[in-house]
Amino acid sequence: MSDARPAFRFAPSPNGLLHLGHARSALLNDALARASGGRFLLRIEDIDPTRCRPDYEAAIYEDLAWLGLDWERPVRRQSQHMEAYRAALARLDALGLVYPSFESRADIRRAVEARPGWPVDPDGAPLFPFLRDVMSDDEREHRLAAGEPYALRLDMARAAALAGPLAWREIEETAGTAVDSPADPCAWGDVVIARKEVPTSYHLAVVVDDALQGITHVVRGADLKAATSVHRLLQHLLGLPAPLYTHHALLLDAQGRKLSKSIGSQSLRDLRASGVTPAQVRDLAGCA
Ligand code: GLU
């Protein structure tokens, strides 16, 4: 039987230790779930076998429990649900919206170095499909025939034309009012929808899982707001319900940079080892 309560989720990737920014997301989701008599779910986004590690996953459970959070079991782990993503991919393929892409990031970087002013996506990566000419059709056919691994990309122009104009409902963090936020998926170009090594990508897995888990409210950092355009498009193409979204302000470090594993932001683990308490973490994360 489906559960009519609002459902919130925290969806970390186990590719490093959680920091204060993660604590903020998790605590906000938990507080909103409590305030609305809703559910709080945890999802482990571990589709990348080269970067995700079991010890980081174990650390996520331990750090969240230390913060005093509790979540529904079983936890959904994306690596265990490849068949769900394959089915979604097949649906996009049946609509004629995906194509194979052999180009590596390095190939793309080399190609754009020679073309200054190349357009980039909201994350700063060079846009496809203008790069399709990097590889000739002959070479593509040859590689396909040789069984070389390839990624699948979404033909964005076709997908966006098929869907027509789309928007999502954004509940603003401070005002709490809901506004329509127009989706602009074309700003992303032909996104990778399945990677070479796994039949999915972040965009596809997040959309499939939010629907399968019955998520009604997605509350996550403002750095993911632009990606919601792609998510809204995929929901439409796959016939999935669209949750409500809140993209919360990010915590910044003393240099004004967003906290991140890649710049070595202090982990919850380090804070705890230095004697910081869960109540102080709530305070530092702006969730007291
Ligand atoms: N797994 C993503 C991350 O670690 C978050 C995905 C989401 O909240 O939609 O940044």
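Taking region 167-201 as the range and being acidic (Asp, Glu) and in contact with a strand residue (DSSP E or B) (Cβ under 8 Å, 6 or more places away or on another chain) as the test, the residues that pass are 170, 172, 173, 180, 190. Within region 102-128, residues that are within 22 Å of residue 150 (Cβ to Cβ) sit with their Cβ atoms under 6 Å from residues that are in a loop (DSSP other than H, G, I, E, B) and open to solvent by 80 Å² or more (accessible area, probe 1.4 Å), at 6+ positions apart or across chains, in these pairs: 102/150.
Taken over region 171-193, the criterion of being more than 16 Å from the ligand (Cβ to nearest atom), open to solvent by less than 40 Å² (accessible area, probe 1.4 Å) and part of a loop (DSSP other than H, G, I, E, B) is satisfied by 189, 190. Mind checking which residues of region 245-280 are outside any strand (DSSP E or B) and of a type in the set (S, T, N, Q)? Listed by number, the residues that qualify are 255, 260, 262, 265, 266, 274, 277, 280. Total residues in region 194-215 satisfying the condition of being within 16 Å of the ligand (Cβ to nearest atom) and open to solvent by less than 50 Å² (accessible area, probe 1.4 Å): the figure is 15. The set of residues in region 166-190 that are among the small types (Gly, Ala, Ser) and free of Cβ contacts under 8 Å to residues at least 24 places away in the same chain comprises 175, 176. Restricting the search to helices (runs of 4 or more DSSP H) fully inside region 26-118 and requiring at least 2 residues that are at pLDDT 95 or above and open to solvent by 40 Å² or more (accessible area, probe 1.4 Å) gives 54-66, 82-94. Taken over region 214-228, the criterion of being in contact (Cβ under 8 Å) with a residue 60 or more places away in the chain and out of contact with any Lys or Arg (no Cβ under 6 Å at 6 or more places or on another chain) is satisfied by 214, 216, 217, 218, 219, 220, 221, 226, 227, 228.
Looking only at residues of region 251-261 that are in contact (Cβ under 8 Å) with a residue 60 or more places away in the chain and open to solvent by 60 Å² or more (accessible area, probe 1.4 Å), we find that the one that is farthest from residue 121 (Cα to Cα) is 261.
Any residue at all in region 225-244 that's within 12 Å of the ligand (Cβ to nearest atom), surrounded by fewer than 19 Cβ atoms within 10 Å (Cβ to Cβ) and assigned to a helix (DSSP H, G or I)? The answer is no, given that none of the residues of region 225-244 is within 12 Å of the ligand (Cβ to nearest atom), surrounded by fewer than 19 Cβ atoms within 10 Å (Cβ to Cβ) and assigned to a helix (DSSP H, G or I). State which residue is farthest from the ligand (Cβ to nearest atom) when the search covers only region 2-20 and only residues that are crowded, with 23+ Cβ neighbours inside 10 Å and over 19 Å from residue 209 (Cα atoms). By that ranking, first place goes to 19.
The values are calculated or read from the model by the stated rules, or taken from the named source; none is laboratory data. The structure displayed is predicted, hence computed values, not measured ones. For neighbour counting, all protein chains shown are included, and Cβ atoms are generated from backbone atoms with ideal geometry for every residue, glycine included. Keep in mind that these areas ignore ligands, DNA and RNA; they rest on the heavy atoms of the full protein, side chains included. Shrake-Rupley method; radii C 1.70, N 1.55, O 1.52, S 1.80 Å.
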